[in-house]
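**Q** The structure under discussion is supplied below as structure tokens; questions concerning it will follow.
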Amino acid sequence: MAGEILVVADQTDGTVKRPSLEAMTAGATLAAAHGCGTLAVVAGPGAADAAAALGTHGAAAVVTLDVDTADRAAWAEAVAGVVSERKPAAVILAHTAVGKELGPRLAGLLEAPLASDCIALEAEGGALIARRPVFAGKALVSVTGTGEVLIATVRPNAFAAKENAAAGTVEAGTVAPATRGLGAVLKEILASAEKKIELTEAGIVVSGGRGLKGPEHFGMIEDLASALGAAVGASRAVVDAGWRPHSEQVGQTGKTVSPQLYIAVAISGAIQHLAGMRTSKYIVAINKDAEAPIFKLADYGIVGDAFEVVPRLTEAVIALKAQG
Amino acid sequence: MKIVVCVKRVPSTDSRIKIAADGTSLDTSSIEWILSPYDEFALETALRIKDAATDTEVVVLCLGPSDATKELRTCLALGADRAIHLEDDGASRHDAQVTSGLLAEAIAAEAPELVLCGKLAADSDQGQVGLLLSYRLGFPCVTEARELTAADGKVTAKRAAGGGTSEIWELPLPALVTITKGEHEPRYASLKGIMAAKKKPIDASDVSAPAETLRVTLMELPAERQAGRIVGEGAEAVGELVRLLREEAKVI
Ligand SMILES: Cc1cc2nc3c(=O)[nH]c(=O)nc-3n(C[C@H](O)[C@H](O)[C@H](O)COP(=O)(O)OP(=O)(O)OC[C@H]3O[C@@H](n4cnc5c(N)ncnc54)[C@H](O)[C@@H]3O)c2cc1C
Ligand SMILES: Nc1ncnc2c1ncn2[C@@H]1O[C@H](COP(=O)(O)O)[C@@H](O)[C@H]1O
């Protein structure tokens, strides 16, 4: 019997993050194909409450860890302890801000291979294969580990989170004091005034480009985003001009997003921008130039002036939401 | 203070990607190479520390094919003091464990106070090597720093933590920090810098890689997206767009 598929989940106050539920479903699907069991590991205050949701998303058993999740080095070490004990065939995490850090830390502690930002996981004749984009999505590779365990982070929105009736059992895991990767001290957290939807995890992203002519016109992008419950993104031209922060830049030297819906407003569609959003499920482009390259990629395009189209779209969305 | 900056050469971001005949790697015949963009930011960060404290030595380290000398000369022209080139024509195919193992050996021999990496290399798109190095070297590590200052035997790093929050971290030295784009654009090489670079040393040696831990079984081009559809022109098209998004795509 092959080792289990272990999923490392992230939660706050008992609520599992959506990308972690996607990772759990991806893990359960892979386990079914590979003919093995599933296990989830969840840490921090509220972990026991989070365990139930992991169970209904496919975890046969859930191990809770009493560790300070703000300390990623200690968290990684606690999870590595579970991995050493249970010897899973694969460890899966969401490729979020947390997973981007925990994944390599686990790989470092376990000296194991890590496939980052995967968009598909498959079992093929006893081997686990992960598919991931390289060269900013201009190519895809299939990779397989040569050792006992393969670690993989999965791209948010690339896998659907599905509920499954069977709930798992919950057990408390043991946490040994952390010994490695220590010494970095978090001095200060500077929270922004409003809690923003994280761009890389958002189901819908509305991005604005240089065609908006100035930072003062991003209000209409924010209005559309807020009507849709979306995150705001930007092209590099806009970030370089200082209109928006780099944390909002989508593209090869910004963030890679893969939402259900990506709306590009007044963005031409340069190759480096496309690199960051081309795997979005649906792409909408609003641009006054019918020849703009973004239209080659867009599922739905409107040729028109953003200053007229966007406010009208926002109104229509608000009206639609009001109808329920 | 001695700083080692790990730099990789990657295909230019506007390269067209073609797959080699082996079906598992990049056809490099018509690729133009650049320094990976985040490594430029890492080098800029080191050079700014050097600008502020002139007794800083900046060493750039690259594991790459022999013709990556060109990218190393660029780093020297920008202001790095010397370069270490681990020559390996297979470098771009190594997984992060192999790469970090080879880099860690060279770094350990240098015994620097600070190691800087890019947050992610623009070919592998994996963002692993920095953290893996930190475990191999036993250094504390902070990732994706936008700003870094060094003083009194420690570094202070500011990073974006997602959801609009920032974090300030302090690390005792020796430490490793991975760098993302911050306030400062990478500088350009001056003519004087380019002349000076010709005389700066590049310490080149051959390395042989241990067995891979992650094997690429296939490299392929992604499926082309279906050609787009223009819904209409101007604000009049909004009604139809909303209908399509709701009824056809089912995303709103
Ligand atoms: C190494 C490197 C890395 C890069 N990384 C990134 C990256 O990560 N992300 C990124 O985005 N770019 C990146 N770029 C830059 C990229 O090449 C483009 O320059 C950039 O994406 C252009 O931004 P834009 O589409 O907003 O601006 P433009 O290309 O100037 O496009 C503006 C568009 O707005 C349209 N427009 C104008 N007025 C209106 C109006 N009233 N209504 C509707 N439409 C209007 C125009 O028709 C035009 O298509 C990178 C470049 C390099 C060299
Ligand atoms: N072959 C290499 N030579 C030097 N530095 C490298 C190499 N590969 C990766 N790095 C460093 O590690 C960072 C992250 O790379 P990666 O984990 O491949 O995304 C890069 O930005 C570089 O700083």
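The values are calculated or read from the model by the stated rules, or taken from the named source; none is laboratory data. The structure presented is a predicted model; accordingly, all values stated were derived computationally and were not measured. So basically every Cβ, Gly included, is an ideal-geometry build from the backbone, and we count neighbours across all protein chains shown. Note: accessible area is taken over every heavy atom of the protein model, side chains too, but ligands, DNA and RNA are not part of it. Shrake-Rupley method; radii C 1.70, N 1.55, O 1.52, S 1.80 Å.
**Q** How tilted is helix A:219-228 with respect to the longest principal axis of chain A? Cα atoms for both, answer in degrees (0 to 90, nearest 10).
**A** The angle comes out near 50 degrees.
**Q** Less than 21 Å apart at the alpha-carbon level, and either on another chain or at least 8 residues along: which lysines does that give for B:LYS250?
**A** Here the lysines satisfying the reach criterion relative to B:LYS250 are A:LYS162, A:LYS281, A:LYS321.
**Q** Follow-up. Report which residues of region A:130-161 become buried by 40 Å² or more of accessible surface when going from the isolated chain to the complete set of protein chains (1.4 Å probe; DNA, RNA and ligands ignored).
**A** A:ARG132, A:PHE135, A:LYS138, A:LEU140, A:VAL141, A:SER142, A:VAL143, A:THR144, A:THR146
**Q** Another question, if that's okay. To the nearest 10 degrees, how steep is helix A:18-34 against the longest Cα principal axis of chain A, on a 0 to 90 scale?
**A** Around 50 degrees separate the two axes.
**Q** In addition: Counting helices only, and only those DSSP H runs with n ≥ 4, report the 222 nm mean residue ellipticity of chain B as the sum of -39,500 (n - 2.57) divided by its residues, in deg cm²/dmol to the nearest 500.
**A** So the calculated ellipticity at 222 nm is -7500 deg cm²/dmol.
**Q** First check a/c for region B:1-118, with a ≥ b ≥ c the square roots of the eigenvalues of its C-alpha gyration tensor; if it is under 1.5, answer rounded, and if not, answer prolate when a/b is larger than b/c or oblate otherwise.
**A** prolate
**Q** Across peptide B:86-95, how many C-beta atoms of other chains are within 10 Å of each residue C-beta, on average?
**A** 1
**Q** For A:LEU190 and B:LEU191, FRET efficiency with R0 = 51 Å and r from the beta-carbon atoms, rounded to 0.05?
**A** Taking R0 as 51 Å, the efficiency between B:LEU191 and A:LEU190 is 0.80.
**Q** Averaging over all projection directions, find the projected area of the Cα convex hull of the protein assembly as shown and quote it in nm² with one decimal place.
**A** 26.0
**Q** Among the DSSP beta bridges whose two residues both lie in chain B, what percent are antiparallel, rounded to the nearest 5?
**A** Of all bridge pairs located within chain B, approximately 40 percent are antiparallel.
**Q** I've got another one for you. Just going by the charge dipole of region B:2-206, with Lys and Arg at +1 and Asp and Glu at -1 on Cβ, which of B:LEU120, B:PRO65, B:ILE49 is farthest out on the positive end?
**A** My answer, from the dipole projection, is B:ILE49.
**Q** While we're on this one: Which value, in debye to the nearest 20, describes the size of the charge dipole of chain A about its Cα centre when Lys and Arg Cβ atoms bear +1, Asp and Glu Cβ atoms bear -1, and nothing else is charged?
**A** The dipole of chain A has a size of about 700 debye.
**Q** Here's a follow-up. Please state the relative contact order of region B:142-252 as a whole percent: Cα pairs under 8 Å, 6+ residues apart?
**A** Contact order relative to length: 16 percent.
**Q** So what's the projected area for region A:199-322, the Cα convex hull averaged over all directions, in nm²?
**A** Averaging across all directions leaves 6.5 nm² for the Cα convex hull.
**Q** Using only Cα atoms, locate the centre of region A:178-227 and the centre of region A:20-60, then give the distance between them in Å, rounded to an integer.
**A** That distance is 28 Å.
**Q** Follow-up question, since we're still on this one. Once you list every other residue whose beta carbon is under 11 Å from the beta carbon of B:PRO186, what net charge do they have if Lys and Arg are +1 and Asp and Glu are -1?
**A** Taking every Cβ under 11 Å from that of B:PRO186, the sum is -1.
**Q** If I histogram all Cα-Cα distances within region B:101-188 using bins 10 Å wide from 0, what percent of pairs lands in each bin?
**A** 17, 48, 32, 4
**Q** Rounded if a/c is under 1.5, else prolate if a/b beats b/c, else oblate: with a ≥ b ≥ c from the C-alpha gyration tensor eigenvalues square-rooted, which is region B:138-252?
**A** Note, shape of region B:138-252 comes out prolate.
**Q** Suppose R0 equals 25 Å; then what is the FRET efficiency for A:ASP13 and A:SER84 from their Cβ-Cβ distance, rounded to the nearest 0.05?
**A** 0.30
**Q** Please work out, to two decimal places, the log10 of the ratio I(q)/I(0) at q = 0.09, 0.10, 0.13 Å⁻¹ from a Debye calculation in which every Cα of region B:2-206 carries one identical scatterer.
**A** After summing over all Cα pairs, the log10 values are -0.32, -0.40, -0.68.
**Q** Counting only other chains, what is the mean number of Cβ atoms within 10 angstrom of the Cβ of each residue in peptide B:220-227?
**A** 4
**Q** What relative contact order, as a whole-number percentage, does region B:2-206 give when Cα pairs under 8 Å and 6 or more residues apart are counted?
**A** 26
**Q** Could you pull the Rg and Dmax for region A:139-221, using just the Cα atoms, both in Å?
**A** 21.4, 56
**Q** Beyond 22 Å, what share of the Cα-Cα pairs of region A:5-172 remains, rounded to the nearest whole percent?
**A** Summing the P(r) tail past 22 Å for region A:5-172 gives 34 percent.
**Q** While we're looking at this one, here's another question. Work out the mean other chain Cβ neighbour count within 10 Å for the residues of B:130-138 and drop it here as an integer.
**A** Whole-number average of other-chain Cβ neighbours for B:130-138 is 5.
**Q** For chain A, what does the relative contact order come out to in percent, with C-alpha contacts under 8 Å and a separation of six or more?
**A** 14
**Q** Still on this structure: Once the Cα atoms of helix A:72-86 and of chain A are each reduced to a long axis, what angle between those two axes, in degrees from 0 to 90 to the nearest 10, is obtained?
**A** The angle comes out near 50 degrees.
**Q** Separate question: List every DSSP H helix in chain B whose Cα atoms extend 18 Å or more along the helix's own long axis and whose mean Kyte-Doolittle hydropathy is at least -1.0.
**A** What comes out of the filter, once short or polar helices are dropped, is B:37-52, B:96-110.
**Q** Rg and Dmax of region A:76-145, using alpha carbons, in Å: what are they?
**A** 12.7, 39
**Q** If you take every residue apart from A:THR56 with its C-beta less than 10 Å away from the C-beta of A:THR56, what net charge results, scoring Lys and Arg +1 and Asp and Glu -1?
**A** Spelling it out: positives minus negatives among the neighbours equals 0.
**Q** Which value, in debye to the nearest 20, gives the size of the charge dipole of the protein assembly as shown about its Cα centre, when Lys and Arg are +1 and Asp and Glu are -1 at the Cβ?
**A** Roughly 600 debye, rounded to the nearest 20.
**Q** Considering only DSSP states other than H, G, I, E and B, which GluC sites (Glu not before Pro) in region A:212-305 qualify as loop sites with at most 13 other Cβ atoms within 10 Å?
**A** Counting only loop positions with at most 13 other Cβ atoms within 10 Å, the GluC sites (Glu not before Pro) in region A:212-305 are A:GLU291.
**Q** Sum up the charges of everything whose Cβ sits under 15 Å from the Cβ of A:ASP299, counting Lys and Arg as +1 and Asp and Glu as -1, but leave A:ASP299 out.
**A** Net charge around A:ASP299: +4.
**Q** Alpha carbon centre of region A:122-143 versus region B:31-107: separation in Å?
**A** 28
**Q** For chain A, what is the Kirkwood estimate of the hydrodynamic radius, computed as the reciprocal of the mean inverse distance between distinct Cα atoms, to one decimal in Å?
**A** 20.9
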